[in-house]
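Notes follow the structure.
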Amino acid sequence: MSSVDTLRERTEAFLKQPSNNLPVAAPAAEGLESMGAPTARDFSVFNPSHAEHALELAARFMEIANATPGDQGLAAVLDEADRVAAQEDDRMVKYALMVFITHHPEGRRLPIPPLAERAPDVIPPSDQAVLSGLEGLGALGVEAQLDYFREDTAVNEHHQRWHVVYPGGGHPNPANPSGPRITKNRQGELFWYMHQQMLARYDTERKAFNLGRVQELKNYTAPIPEGYNANLVNFSHRKPNVVMHDIQLESGVYKVSDHDQLRKRLLAAAESGKLQKGSGTVPVTIELLSSTAESTIGSVDSSFYGSHHNLGHGLIADLRDPSGPFPQRPGVMSRTATAVRDPVFYRWHRHVDETMFLWQQTLQPHDLKTDMPPIKIRKSLNGGTGVQQSPDIMVCLLKNIPGSSAANFDGEAFANNTFGGDANWAKALSSFNIPNGTLQTVLRKQIINLPGGGTGTKPYLDQEEFCYFLRFENTSDQAQKVTVRMFLVAKDFADERRLWIEMDKFAHSLTPKQKSVVFRPGKLSAVVRKPARRPPDPPPPPHPGADPNYCDCGWPYHLLLPRGTAAGMDFRLMVMVTDHQADLVGAEKKCGSMSFCGVKDADYPDKRPMGYPFDRPFSGKVSDALARADLIHIATRDFKIKHTVAP
């Protein structure tokens, strides 16, 4: 076995070892017990001093690797990890090691095992009836119907991995670990956008159960009606109707009233368009406002605005149930690998998102014609508008495409041979003898390993493989390269701009006057972690030259489609093309999620605002704007998503 293979095995063993539950030896931690703080001070990336401590350790790992390049340096890094883990909470050390592995050239040679292998204790569903083989989801009221979504292992792994790729405190510079830290290009904006898209997806799931949209958690002194029993080892339950209270941090007591003051300052900035910076102000941008709200090292003034998002997690995580198991431990909101499980995560992030939304609402609508490329997507065959049934957009199950099961199936050739040509161009895609207009999701059961031994089952949402066929006409005499942008919305939410879900984004080239047909499988989505895979699938072989630790960042493929309903839930798909040259979108990558995770060591691969064109208000109703006859580069298509439960 080679030296690097030994190091990889050693890394996996370290990241998989059970947590030691020691306290974090963060600065000023002495004497907290006498102030009534619990003795178990678990590591939390949302605790500013904990996060700083972990990033300092990640910097030390980089210094060690730089001092002795190669395998010997990596061995020394693992030695240091072992040494520190013997003295304090090894979850802090594991986070620091994952930051090192993700952001250091030598560290990238080491693996980060999947969450289910690293921390099997946070994988089981909260509903113990599922583990015993009985039907049912959850135990705390109507919110339990969505346990399958919140407790999905891949969703929680996505959230944790994102916060490793984008540490709020910035990641140490591999070339100068002791110097200023690095925040990735547009990191603040992406923090807002990634979480906003999670909210849009969650609200759409709720719609399938006839539940109302998530309400922001804006009253800090009112009881929180939703409770959550995680039923995980070393996590406290949170009873229904508890109220936030002051908490003890290493720096002193943090008051709920302090938190409310931070909220008021952020809202004032959103309303005025000005952020306080020292004795002056700076204009609000989505990057600055989001960075300040989180807060990252990109905050315009952390002494004035504090750490509103992060300490909100802390306030909620400290709502421990003294009568339940593990009353000395915080709740799941304390950790990035578990926070998404709790319904209150979405209420808290709706509250954080509300600040960004309030500022966006002050912006002027986009002029969608400004740089409209000469590419036509028809809204109807006869030139009419408003029918939301573009003849140039089709969604269908892959299994309904003749020959698609063959290993050598050429989707582009099939698309052009079937739907292309002048004769076919006068026909709607839906008029061809291919079942379309209905996609399918299914609730399945996954076998999981239980922390104490043995196996159990866990529900997860999946989808039948699907694809799009899209027709574009280049009306100009010059070759054109465009960015294709695709968004989905529940039809009842069509005029709510922040409930549109990004489904895909890719580049496409057309020759002069070309009428082009595009075949686009769902698994190629720029939103999902790629290579795309489902929960039971083994990890795919790495793409040549790709960094697997970066490729693992992204939304789970099996949750790309919303759930839908048994009768069929109505959805609307928007397809929009924009000038690729103006967008400055980078080449499509073979792994990872371009939309949610950007591109490794490069600028975010799209010059436009994230979520464009839904990142600011429309003139009038969204539906009316998208149906405008003069916007030839935008079209929509209504279809259904049906849901079943696997036997």
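What to note about this one:
- Any hit, the stretch 301-313, residues being aromatic (Phe, Trp, Tyr), under 20 Å from HIS349 (Cβ atoms) and either free of Cβ contacts under 8 Å to residues at least 60 places away in the same chain or not assigned by TED's automatic domain parsing to the domain that holds TYR166 (or both): yes
- Filter result (farther than 30 Å from LYS607 by Cβ, of a type in the set (Ser, Thr, Tyr) and either part of a helix (DSSP H, G or I) or free of Cβ contacts under 8 Å to residues at least 12 places away in the same chain (or both)) within the stretch 254-288: SER257, SER279
- Of the numbered criteria (1) at negative phi; (2) touching a residue at least 24 places away in the same chain (Cβ under 8 Å); (3) of a type outside the set (Asp, Glu); (4) not in a helix (DSSP H, G or I), the one SER380 fails is (2).
- Unmet criterion (only one of (1) at pLDDT below 80; (2) in contact with an Asp or Glu (Cβ under 8 Å, 6 or more places away or on another chain)) for GLU588: (2)
- The lone exception for ALA602 - which of (1) crowded, with 22+ Cβ neighbours inside 10 Å; (2) in contact (Cβ under 8 Å) with a residue 60 or more places away in the chain it fails: (1)
- Counting residues in the stretch 617-625 that are modelled with pLDDT of 95 or more, among the basic types (Lys, Arg) and surrounded by fewer than 19 Cβ atoms within 10 Å (Cβ to Cβ) gives one or more.
- Counting residues in the stretch 446-466 that are over 33 Å from the mean Cα position of the chain (by Cα), without any contact (Cβ under 8 Å) to a residue 60 or more places away in the chain and more than 27 Å from PRO613 (Cβ to Cβ) gives zero.
- Restricted to the stretch 398-475, the set of strands (runs of 3 or more DSSP E) holding at least 1 residues that are aromatic (Phe, Trp, Tyr) and under 27 Å from ALA646 (Cβ atoms) comprises 455-463, 466-474.
- Test for THR362: is it assigned to a strand (DSSP E or B) and surrounded by fewer than 20 Cβ atoms within 10 Å (Cβ to Cβ): no
- Among the residues of this structure, LEU450 does not count as one that is in contact with a strand residue (DSSP E or B) (Cβ under 6 Å, 6 or more places away or on another chain) and crowded, with 16+ Cβ neighbours inside 10 Å.
- Boolean, LYS379 is outside the structural domain of LYS427 (by TED's automatic domain parsing) and under 29 Å from PRO617 (Cβ atoms): no
- Of the numbered criteria (1) farther than 14 Å from ALA200 by Cβ; (2) of a type in the set (D, E, K, R); (3) at pLDDT 95 or above, the one ASP492 fails is (1).
- Of residues in the stretch 419-433 being buried (at least 17 other Cβ atoms within 10 Å of the Cβ) and without any contact (Cβ under 8 Å) to a residue 60 or more places away in the chain, the one nearest to ALA566 (Cα to Cα): SER430
- Lone unmet requirement of (1) of a type outside the set (Asp, Glu); (2) at pLDDT 95 or above; (3) within 15 Å of LEU560 (Cα to Cα) for LYS505: (2)
- Selection count, the stretch 635-647, where residues are crowded, with 17+ Cβ neighbours inside 10 Å, among the hydrophobic types (A, V, I, L, M, F, W, C) and within 26 Å of the chain's Cα centre (by Cα): 2
- The requirement of being in the same structural domain as MET356 (by TED's automatic domain parsing), of a type in the set (A, V, I, L, M, F, W, C) and part of a loop (DSSP other than H, G, I, E, B) is not satisfied by PHE191.
- Only listed residue being on the phi > 0 side of the Ramachandran plot and at pLDDT 95 or above, chosen from GLY273, GLY280: GLY273
- Enumeration of residues in the stretch 535-558 that are modelled with pLDDT of 65 or more and surrounded by 16 or more Cβ atoms within 10 Å (Cβ to Cβ): PRO535, CYS551, ASP552, CYS553, GLY554, TRP555, PRO556, TYR557, HIS558
- One residue stands out among those in the stretch 468-494 that are within 23 Å of the chain's Cα centre (by Cα) and surrounded by fewer than 21 Cβ atoms within 10 Å (Cβ to Cβ): the one that is nearest to PRO613 (Cα to Cα), which is PHE493.
- Taking the criterion of being aliphatic (A, V, I, L, M) and at pLDDT 95 or above, the only residue of the stretch 591-616 that qualifies is MET610.
- Residues of the stretch 20-27 include none that is farther than 30 Å from ASP246 by Cβ and either at pLDDT 90 or above or crowded, with 22+ Cβ neighbours inside 10 Å (or both).
- Exclusive hit being at pLDDT 95 or above, touching a strand residue (DSSP E or B) at 6+ places or on another chain (Cβ under 9 Å), β-branched (Val, Ile, Thr) and in a helix (DSSP H, G or I), set VAL93, VAL99: VAL99
- Subset of the stretch 262-287 that is surrounded by 20 or more Cβ atoms within 10 Å (Cβ to Cβ) and in contact with a strand residue (DSSP E or B) (Cβ under 6 Å, 6 or more places away or on another chain) - its residue that is nearest to GLU52 (Cα to Cα): LEU275
- Those residues of the stretch 165-186 which are in contact with a Pro (Cβ under 9 Å, 6 or more places away or on another chain) and outside any loop (DSSP other than H, G, I, E, B), in sequence order: ASN173, ILE182
- Of all residue pairs spaced 6 or more apart or on separate chains, those with beta-carbon atoms under 6 Å, a first member in the stretch 5-17 that is over 19 Å from LEU115 (Cβ atoms) and a second member that is of a type outside the set (Ser, Thr, Tyr) and in a helix (DSSP H, G or I) are LEU7/LEU74; ARG10/LEU78.
The values are calculated or read from the model by the stated rules, or taken from the named source; none is laboratory data. Note that the structure is predicted; figures quoted are calculated from it, not measured. Glycine gets a Cβ as well: all are built from the backbone with ideal geometry, and neighbour counts include every protein chain shown.
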